[in-house]
Amino acid sequence: MGGAFTPLGNVQHSEFPMSHVTYKIVEHDGGWAYTVNGVFSEPFRTHAAALAAARRAAAEQRVPGRTEVIEYETADGKWQTETAAGN
């Protein structure tokens with residue numbers, strides 16, 4: 001019993017074009033997680049907790065911040081390092 005939501009819908013709300021990102025809530029590792037482009041978050045005990053975490057993650061994507069180096073694991077288990085522009 002998963003679910004998906006798109007934080008911005010189909011409307012662009014700024015002068016900067018935004019990509020379309022869909023967060024899916026799925027059963028994972030004995031709990032619930034959200035996925036983005038096939039990559040899983042950490043597991044949460046409840047669907048509601050995973051949904052709340054996905055909403056926080058989506059909100060962070062919309063707020064400009066600092067340029068930082070990020071590391072993440074891809075769906076095939078490889079680690080990637082890249083620079084995330086703060087704008």
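So here's what we get for this one:
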{"item": "Any pair with Cβ under 7 angstrom, 6 or more apart, that starts in the stretch 34-57 at a residue that is in contact (Cβ under 8 Å) with a residue 40 or more places away in the chain and ends at one that is of a type in the set (Val, Ile, Thr) and surrounded by 15 or more Cβ atoms within 10 Å (Cβ to Cβ)", "result": "His47/Ile25; Leu51/Ile25; Ala54/Ile25"}
{"item": "Top-ranked residue of the stretch 6-31 - restricted to ones that are in contact with a Phe, Trp or Tyr (Cβ under 6 Å, 6 or more places away or on another chain) and closer than 10 Å to Ala54 by Cβ, ranked as modelled with the lowest pLDDT", "result": "Tyr23"}
{"item": "Residue list for the stretch 28-52, filter: farther than 21 Å from Asp76 by Cα and part of a loop (DSSP other than H, G, I, E, B)", "result": "Arg45, Thr46"}
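The values are calculated or read from the model by the stated rules, or taken from the named source; none is laboratory data. Everything numeric here is computed off the predicted structure, so don't read it as measured data. So basically every Cβ, Gly included, is an ideal-geometry build from the backbone, and we count neighbours across all protein chains shown.
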